[in-house]
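Here is the structure we will look at.
The values are calculated or read from the model by the stated rules, or taken from the named source; none is laboratory data. Quick caveat, the model's predicted, so the values are computed rather than measured. Positions of Cβ are generated from backbone atoms using ideal geometry, with glycine treated the same way; all protein chains shown enter the neighbour counts. What goes into the accessible areas is simple: the full protein's heavy atoms, side chains included, and nothing from ligands, DNA or RNA. Shrake-Rupley method; radii C 1.70, N 1.55, O 1.52, S 1.80 Å.
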Amino acid sequence: MSAKQLVLGAFEELTPSFISNGWPHERSDPAGFAGLPYWQELSRQLDAAGFDFLFFADALGYPMHEQVSPSGEVTFEIPDVVVREAVQFPVHDPLTIVSGLAATVERLGFVVTASTTAEHPFLLARRFASLDHLTAGRIGWNVVTSDMQTALVRLLGQTDVTPHDERYARADEFVDLTLKLWEGGWSDDAAVVDKATRVFTDPSKVHRITHEGRYFSLDGLFPVSPSLQRTPTLFQAGSSASGREFASRIAECVFIQERDPAQAARTVRDIRDRVERRGRDRDSVKIINSISVVVGATDEEAQAARRALTAAPSRDAMAALFLGWSGVNLLGLDPATPIDELSTEVGQTTLAMYQGQGATVGSVLDRLAETLGGTKITGTAEHAADEIETLARETDVDGFLIEHSYGGLATYREFIDGVMPLLRERGLLPAEPRGGTLRERLTGTPTPRLGPAHPGAGFRPGAGTAAYPGGAADPAAPPASAAAG
Ligand SMILES: Cc1cc2nc3c(=O)[nH]c(=O)nc-3n(C[C@H](O)[C@H](O)[C@H](O)COP(=O)(O)O)c2cc1C
């Protein structure tokens, strides 16, 4: 059996320093991170190399932790190191950059995180649908319930941190409502644009959406005209049990961040089993693992480069990054505390990666710069290609997200020049970059639209599962089982 061709993404955030906290490294050049030229150049290089997409993670706030005084007063603190050493700070709004980049390159897709805990479904649906037009169907939404939950209380005025599993209940309803708007809002032939009759859009083909749920209510029309994909390609990140269950229902692509191949294989199998239990094809969901690749002319040179990268951030900066992702302030705990005794209502996946191994708070802190993030691959281009090939075969992932290391092009230079040609020679990447909308490119669907087994297809006009009290049923629409995609 020939090996499957891999999906490749670049893992970035609109911030000068990201997963490695490596901006003090001599190869890093973060000065231009806030402007278009920095990202346009990166997009051009990624596109020309055959990357499938550029992914912008997003943070609702920044690492901060709450403290309860002996009198019960709750205060919060932003560690100085966050601001001083640029730990996901400054961080800018990633959606604002997408159309500027899409205008620069023709094939590359763009995936952007947006939080179901912070956003409103109608506003989010409007923005992503607008971007689907502006990118010609090359936009994806990474659906997360979010780390950095304290920000929701302190910056957005929510009264309390929503408990972990309830965040996923809200996410379920959130995504359903956006699917109703994207898939059910307009019939395909609603646009008329006839000057003689003065009909721009046929009102009987723009359907009133009603929704009365536990978290959201809505009654009205979706104002964005139909775009190529309608629903942006749906990604999900967050590997807690409720995160995987959520992903199995709605995700087309799932991001994971596993360090250990055996654990990665278990996670992949578990997600595919859950997808199958939902009545979807277990292989239709593309699972993408996050990896950090450092390449050198020799293995020794690469090891030295890895050591220099690991030495770039301070211990406190790495602790602050861990705080943001997991909600656990390691620096405020006795270093002898067993990690297994800790729990979190924030990012359970991050904490879980350090549990079950007999580690203490102190030993985790000592290793954070080496370990935080996904699988580390360090060696010659040949070595990196071998490891990627083995990982793909042994874990059954469908692709990889290359993690920000030095920042900017330096992160990808040796990977593009040295590793990708080898992967291509071995048949692990297509000879010519794939094209089309992001959905077609990543999932191989025959059309830009969601596939018929996805719950979103059930919200289409005429599919019979959604209520459209104000809109005429569309007799021309195919039943969900025969719908496109
Ligand atoms: C590859 C990858 C990308 C992620 N991107 C984000 C992100 O942009 N923003 C965010 O808040 N969390 C991100 N996460 C972290 C969590 O998925 C997310 O905070 C999640 O909602 C926490 O849920 P959990 O408890 O199921 O882990 C990412 C995780 C992975 C593996």
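Points to keep in mind about this one:
- Restricting 351, 333 to residues that are of a type outside the set (Gly, Ala, Ser), within 27 Å of residue 22 (Cα to Cα) and away from the ligand (no atom under 16 Å from the Cβ) narrows the list to 333.
- Filter result (open to solvent by 10 Å² or more (accessible area, probe 1.4 Å) and either modelled with pLDDT under 95 or closer than 16 Å to residue 222 by Cβ (or both)) within segment 120-143: 120, 122, 123, 126, 127, 130, 131, 133
- Filtered residues of segment 116-161 (kept if out of contact with any strand residue (DSSP E or B) (no Cβ under 8 Å at 6 or more places or on another chain) and of a type in the set (Asp, Glu)): 119, 147, 160
- Top-ranked residue in segment 129-150 [being among the polar types (S, T, N, Q) and not in a helix (DSSP H, G or I); ranked as farthest from residue 437 (Cα to Cα)]: 149
- Screening segment 183-195 for residues that are under 30 Å from residue 146 (Cα atoms) and touching a helix residue (DSSP H, G or I) at 6+ places or on another chain (Cβ under 6 Å) and picking the one that is farthest from the ligand (Cβ to nearest atom) gives 184.
- Residue 281 being more than 26 Å from residue 116 (Cα to Cα), of a type in the set (Asp, Glu), in a loop (DSSP other than H, G, I, E, B) and open to solvent by 40 Å² or more (accessible area, probe 1.4 Å): no
- Residue within segment 161-169 that is away from the ligand (no atom under 16 Å from the Cβ) and open to solvent by less than 50 Å² (accessible area, probe 1.4 Å) present: no
- Residue count, segment 276-296 (criterion: free of Cβ contacts under 8 Å to residues at least 12 places away in the same chain and within 16 Å of the ligand (Cβ to nearest atom)): 0
- Restricting segment 50-85 to residues that are among the β-branched types (Val, Ile, Thr) and more than 16 Å from the ligand (Cβ to nearest atom), the residue that is farthest from residue 136 (Cα to Cα) is 68.
- Meets criteria (buried (at least 22 other Cβ atoms within 10 Å of the Cβ), of a type outside the set (D, E, K, R) and under 30 Å from residue 418 (Cβ atoms)) for residue 10: yes
- Within segment 187-204, being touching a residue at least 60 places away in the same chain (Cβ under 8 Å) and farther than 17 Å from residue 228 by Cα holds for one residue alone: 204.
- Sole residue being of a type outside the set (Phe, Trp, Tyr), assigned to a loop (DSSP other than H, G, I, E, B), away from the ligand (no atom under 16 Å from the Cβ) and in contact with a Pro (Cβ under 8 Å, 6 or more places away or on another chain), chosen from 3, 34: 34
- Note on segment 181-201: residues that are open to solvent by 40 Å² or more (accessible area, probe 1.4 Å) and either within 30 Å of residue 153 (Cα to Cα) or among the charged types (D, E, K, R) (or both) total 5.
- The condition (being of a type outside the set (Gly, Ala, Ser), more than 16 Å from the ligand (Cβ to nearest atom) and farther than 17 Å from residue 8 by Cα) is satisfied by just one residue among 450, 409, 429: 450.
- Among the residues examined, residue 177 qualifies as in contact (Cβ under 8 Å) with a residue 40 or more places away in the chain, within 17 Å of residue 457 (Cα to Cα), open to solvent by less than 50 Å² (accessible area, probe 1.4 Å) and outside any loop (DSSP other than H, G, I, E, B).
- Near pairs, Cβ below 7 angstrom, 6+ apart or cross-chain, from segment 426-448 (closer than 19 Å to residue 111 by Cβ) to any residue that is open to solvent by 30 Å² or more (accessible area, probe 1.4 Å) and small (Gly, Ala, Ser): 441/435; 443/284
- Residue satisfying all of: in segment 216-257; within 16 Å of the ligand (Cβ to nearest atom) and part of a loop (DSSP other than H, G, I, E, B); most open to solvent (accessible area, probe 1.4 Å) among these: 257
- Boolean, residue 158 is within 16 Å of the ligand (Cβ to nearest atom), open to solvent by 40 Å² or more (accessible area, probe 1.4 Å) and among the polar types (S, T, N, Q): yes
- The numbered conditions (1) within 16 Å of the ligand (Cβ to nearest atom); (2) aromatic (Phe, Trp, Tyr); (3) not in a loop (DSSP other than H, G, I, E, B) are all true for residue 18 except (3).
- Within segment 144-163, residues that are of a type outside the set (Val, Ile, Thr) sit with their Cβ atoms under 7 Å from residues that are outside any loop (DSSP other than H, G, I, E, B) and within 12 Å of the ligand (Cβ to nearest atom), at 6+ positions apart or across chains, in these pairs: 146/115; 147/324; 147/325; 148/324; 158/152.
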